[in-house]
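Participant: Submitted below is the structure of interest, expressed as structure tokens.
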Amino acid sequence: MAIQEIERRDRLGSAERVSGQNRSGLAARNPAPLRDLTVRQFTQNFTQGIVSCVTSNRPGKPDWDRLFRAAESHDGHFTTREAADAGYSPALLCKYMVNGRVARVRRGVYRVVHFPTADHEALAVLWLWSEQAGVFSHLTALSLHGLTDALPVQTHLTLPCAWQRRRLRVPDRVVLHHADVPPGERTWFGSVPVTNARRTLADCARADVAPDLLRQGTQQALRRGLVTAREISEVERALAPFGGLEG
């Protein structure tokens, strides 16, 4: 019995030593203060990450000056997207409409109420409707360049070729054309882009504009130096069956 008791105590002692070593090793590898600090750091970093993501996705504060600058470049008009970029939600725009600060002109286009009225701001509205992708052309451009005395009843707007596949609700009295107008063939009339004189005359010639209007516009463009004789070959071909450029 004595021997058995001694062996039992030796086994218990060895087990306790091993267990103590394991506990010591575990404590050395993962001390309690370090473990707690790591958890706190992880929690803080995780929380900060969530806050950072929420903050970055939150729209900025409304910036009236930024919105006004956008409207100023479009004769007092701005789009819903430009409003959003300036921190204005649709609900806030509605509030401004009720307060009389802005007015809705058409879907997605608004106007600063007290902005001075421009002579051709209807063109700015159409250009914003086209997502600033269109270029005013044909008889509209002929009139804007002062190359005709006739006042066009319809507004001609050229959209990129890629827009041909779009199903659009075209505004009243607007005629759409589709072509890619390079930067070198366009100019600016106030706040909107317009085809330059050479491109305008060529477009009118291809669109079978009335010979008298085409002839008058070409003669005035030549007289004012907006085009040269070498740049009106398409016009000459179009006018050949009607007595040519001199009529």
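The values are calculated or read from the model by the stated rules, or taken from the named source; none is laboratory data. In this text, all values refer to a predicted model and were calculated from it rather than measured experimentally. Please note: Cβ atoms are built from the backbone with ideal geometry, for glycine as well, and neighbour counts cover all protein chains shown.
Participant: For residues that are part of a loop (DSSP other than H, G, I, E, B) and in contact with a helix residue (DSSP H, G or I) (Cβ under 8 Å, 6 or more places away or on another chain), scanning just the range 108-118, find the one that is nearest to Arg166 (Cα to Cα). Let's see the steps before the verdict.
Facilitator: Step one: list which residues in the range 108-118 are part of a loop (DSSP other than H, G, I, E, B), which gives 108, 113-118.
Now narrow it down to the ones that are in contact with a helix residue (DSSP H, G or I) (Cβ under 8 Å, 6 or more places away or on another chain): 108, 115, 118.
On the way: Gly108: 17, Phe115: 33, Ala118: 30 Å.
Here the answer is Gly108.
Participant: Restricting the search to the range 225-241, which residues are within 36 Å of the chain's Cα centre (by Cα) and in a helix (DSSP H, G or I)?
Facilitator: Across the range 225-241, the qualifying residues are Glu231, Glu234.
Participant: Being in contact with a helix residue (DSSP H, G or I) (Cβ under 7 Å, 6 or more places away or on another chain) and among the β-branched types (Val, Ile, Thr): is that true of Thr218 here? Let's see the steps before the verdict.
Facilitator: Working: in contact with a helix residue (DSSP H, G or I) (Cβ under 7 Å, 6 or more places away or on another chain): yes; among the β-branched types (Val, Ile, Thr): yes.
In short, yes.
Participant: What are the residues in the range 160-202 that are within 18 Å of Val227 (Cα to Cα) and either aliphatic (A, V, I, L, M) or in a loop (DSSP other than H, G, I, E, B) (or both), if any?
Facilitator: At the first step, the residues of the range 160-202 found to be within 18 Å of Val227 (Cα to Cα) are 181-189, 194-202.
Those that are within 18 Å of Val227 (Cα to Cα) and either aliphatic (A, V, I, L, M) or in a loop (DSSP other than H, G, I, E, B) (or both): Val181, Pro182, Val194, Asn196, Ala197, Leu201, Ala202.
Participant: Please work out which residue is farthest from the chain's Cα centre (by Cα), limiting yourself to the range 203-224 and to residues that are outside any helix (DSSP H, G or I) and under 16 Å from Thr155 (Cβ atoms). Even if it seems obvious, please write down each step before you answer.
Facilitator: Let us first name the residues in the range 203-224 that are outside any helix (DSSP H, G or I), namely 207-210, 224.
Of the ones still in play, those that are also under 16 Å from Thr155 (Cβ atoms) are 207, 209.
Working: Ala207: 31, Val209: 34 Å.
Per the criteria, the residue is Val209.
Participant: Here are Leu151, Leu147, Leu139: which of them is in the same structural domain as Asp212 (by TED's automatic domain parsing), in a helix (DSSP H, G or I) and either in contact (Cβ under 8 Å) with a residue 40 or more places away in the chain or not acidic (Asp, Glu) (or both)? Walk me through it before giving the result.
Facilitator: On the way: Leu151 fails: in a helix (DSSP H, G or I); Leu147 fails: in a helix (DSSP H, G or I).
One residue alone meets the criteria, Leu139.
Participant: Right, next: State whether the residues of the range 62-82 include one that is surrounded by fewer than 16 Cβ atoms within 10 Å (Cβ to Cβ), within 15 Å of Glu131 (Cβ to Cβ) and not polar (S, T, N, Q).
Facilitator: Scanning the range 62-82, I find at least one residue that is surrounded by fewer than 16 Cβ atoms within 10 Å (Cβ to Cβ), within 15 Å of Glu131 (Cβ to Cβ) and not polar (S, T, N, Q), so the answer is yes.
Residues checked against (1) touching a helix residue (DSSP H, G or I) at 6+ places or on another chain (Cβ under 9 Å); (2) under 16 Å from Ala197 (Cα atoms); (3) buried (at least 20 other Cβ atoms within 10 Å of the Cβ):
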residue: His120; (1), (2), (3): yes, no, no
residue: Trp129; (1), (2), (3): no, no, yes
residue: Ala133; (1), (2), (3): yes, no, no
residue: Leu139; (1), (2), (3): yes, yes, yes
residue: Asp149; (1), (2), (3): yes, yes, no
residue: Ala162; (1), (2), (3): no, no, no
residue: Asp172; (1), (2), (3): no, no, no
residue: Leu176; (1), (2), (3): yes, no, no
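Participant: Looking at the range 97-118 only, could you name the residues that are surrounded by 20 or more Cβ atoms within 10 Å (Cβ to Cβ) and not β-branched (Val, Ile, Thr)?
Facilitator: Passing the criteria: Tyr110, Arg111.
Participant: Within the range 109-121, track down each residue that is touching a residue at least 24 places away in the same chain (Cβ under 8 Å) and within 23 Å of the chain's Cα centre (by Cα).
Facilitator: Hits for the range 109-121 are Val109, Tyr110, Arg111, Val112, Phe115, His120, Glu121.
Participant: Let me ask you something else. Are any of the residues in the range 125-135 β-branched (Val, Ile, Thr), in the same structural domain as Cys161 (by TED's automatic domain parsing) and not in a loop (DSSP other than H, G, I, E, B)?
Facilitator: Filtering the range 125-135 for residues β-branched (Val, Ile, Thr) gives 125, 135.
Narrowing further to those that are in the same structural domain as Cys161 (by TED's automatic domain parsing): 125, 135.
With the extra rule that they be not in a loop (DSSP other than H, G, I, E, B), the set shrinks to 125, 135.
Yes, some residue in the range 125-135 is β-branched (Val, Ile, Thr), in the same structural domain as Cys161 (by TED's automatic domain parsing) and not in a loop (DSSP other than H, G, I, E, B).
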